[in-house]
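Down below is the structure, laid out as structure tokens.
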Amino acid sequence: MTKLDEIERLLIGCINTTICELPLENQFEVNGSTLLLAEGGSIDSLQLVSIIVDFEEALSERFDIAVSLTSDEAMMQVESPFYSVKTLSNYAYKLIIA
Amino acid sequence: MNNLYENKVVLVTGSTKGVGKLIAEHFLNNGALKVIGFARSSSNINQSRYYHIEVDLGDVGSVLKGFAAIKQLTESIQIVVNNAAVLTSQYSMIMPPAAAQAMVNVNLLGPFMVSREAAKMMRKTKWGRIINIGSMAASLEPIGDSMYAACKAGLSTLANVMAKEYASMNVTCNTLGINAIETDMLAQLPRDKIDAIIAGLPVPRMSKEDDILNVIDFFAAERSSQITAQTVFLGGVN
């Protein structure tokens, strides 16, 4: 498993933690193409905050590095890192290997 | 010992003296599992359930390091009291900018950082109480306290917005606006000015320790889950 795959798996775990708390009818399966903060996405902004907090913590525990996914740099990206599982995983990967 | 706060882990900022020390000791005397104190200086609270961490509340990095230290002590926090504050009372035209900046950093940015980091811990157990120590200055807006009063007014706003953000986590955020109580901070202000303000209050006396602890207990109570985004002033200030 590559580092990027591992990061994506961590993120999917964090998303699952959040959606587990939703009513059964609102739960959904998560994979790399799941949309986050995008039109047609199934996550609201407060749920995304929760996922980001969990994901930052998981990255910090796994890679022993403090990662901030909501820095000014993240907000200024042409393609929002928060668009989908794939884009957020890629952005976290860039921060980890930097 | 009363067990009102049995199994609760409490964080009190500015816990080395004055109101902060009073509140920290109150939680200890009422059975809190752990009371963690944040302050720049060392503490003289000698209690096995008290854990002191030296933190400069006006420094974001220092607050984050403080929370890293907390995570070595406990996985969760239930109650936070944002009490630490600094005060320089001076006409705005001659207020040293550094003193004004220090008030923003300690009195506003500090509680913001502490609340947000604590909320991250509270969300795991879906229960929390964040209590800010405000001041009658926010309402009375006394001459010489422009920055202090603005920060304390901002503290209520901070709590009110966070109350909305954290409601789904069963975390309440409230502010206690205290009036004058004998502390080192009060000693910095002209006594005649304080006496004149107190004389004009509906309840014209300084606060007593129990006046403060009564509201702290109310905000922190299990039964107060619907009490959030509220500011309670002592002495009839509104």
Would you mind counting up the charge near B:Ala220? Only other residues with Cβ under 13 Å from its Cβ, with Lys and Arg at +1 and Asp and Glu at -1. 0
Dipole magnitude of chain B about its Cα centre (Cβ charges: Lys, Arg +1; Asp, Glu -1), debye to nearest 20: 680 debye
Rounded to whole Å, give me the distance from the Cα center of region B:164-210 to that of region A:1-44. 46 Å
What list of whole percents do you get for P(r) of chain A, with Cα-Cα distances grouped in 10 Å bins up to the one holding the largest distance? 16, 54, 27, 4, 0
For q = 0.17, 0.23, 0.31 Å⁻¹, what log10 I(q)/I(0) does region B:100-151 give under the Debye formula with an equal point scatterer on each alpha carbon and no solvent? -0.61, -0.85, -1.14
Counting only DSSP loop positions in region B:125-214, the chymotrypsin sites (Phe, Trp or Tyr not before Pro) whose Cβ has at most 16 other Cβ atoms within 10 Å are none
Label model pair A:Val78, B:Lys71: point-to-point distance (7 angstrom along the Cα→beta-carbon line) in nm is 3.5 nm
Testing the spin-label approximation: label points 7 Å from Cα along Cα→Cβ at B:Ala167 and A:Asn31. State their distance in nm. 3.8 nm
Is it possible to state the helix-based mean residue ellipticity at 222 nm for chain B, with each DSSP H run of 4+ residues giving -39500 (n - 2.57), the sum divided by total residues, to the nearest 500 deg cm²/dmol? What is it? -12500 deg cm²/dmol
Using the C-alpha atoms of chain B, what convex hull volume per residue, in cubic angstrom, is computed? 114 Å³
So, over other residues within a Cβ distance under 13 Å of B:Asp56, counting Lys, Arg +1 and Asp, Glu -1, the net charge is 0
Going by average Cβ neighbours within 10 Å, how do the peptides B:116-123, B:87-94, A:25-32 rank, with the highest at the top? B:116-123, B:87-94, A:25-32
Per the 1/(1 + (r/R0)^6) rule, R0 = 45 Å and r from the Cβ atoms of B:Ala99 and A:Leu24, FRET efficiency to 0.05 is 0.20
Distance violations [Cα-Cα > 30 Å] among A:Lys94/B:Lys120; B:Lys120/B:Lys208; B:Lys17/B:Lys65; A:Lys3/B:Lys126: B:Lys120/B:Lys208; A:Lys3/B:Lys126
Provide, for q = 0.21 Å⁻¹, the log10 of I(q)/I(0) from a solvent-free Debye sum over equal Cα point scatterers in region B:33-114. -0.98
Kirkwood Rh, the protein assembly as shown, all Cα pairs: how many Å? 21.5 Å
Ordered by number, the GluC sites (Glu not before Pro) in region B:177-233 that occupy a DSSP loop and have at most 15 other Cβ atoms within 10 Å are B:Glu182
Give me the inter-chain shielding for A:39-47: mean count of other chain Cβ atoms within 10 Å, whole number please. 1
Could you work out the helix-only [θ] at 222 nm for chain A, with each DSSP H run of four or more residues adding -39,500 (n - 2.57) and the total divided by the number of residues, to the nearest 500 deg cm²/dmol? -17000 deg cm²/dmol
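Each reported figure results from applying straightforward, stated rules to the coordinates on display, with no laboratory input. Since this is a predicted model, take the numbers as computed values, not measurements. Backbone-built Cβ (ideal geometry, glycine too); neighbour counts: all protein chains shown.
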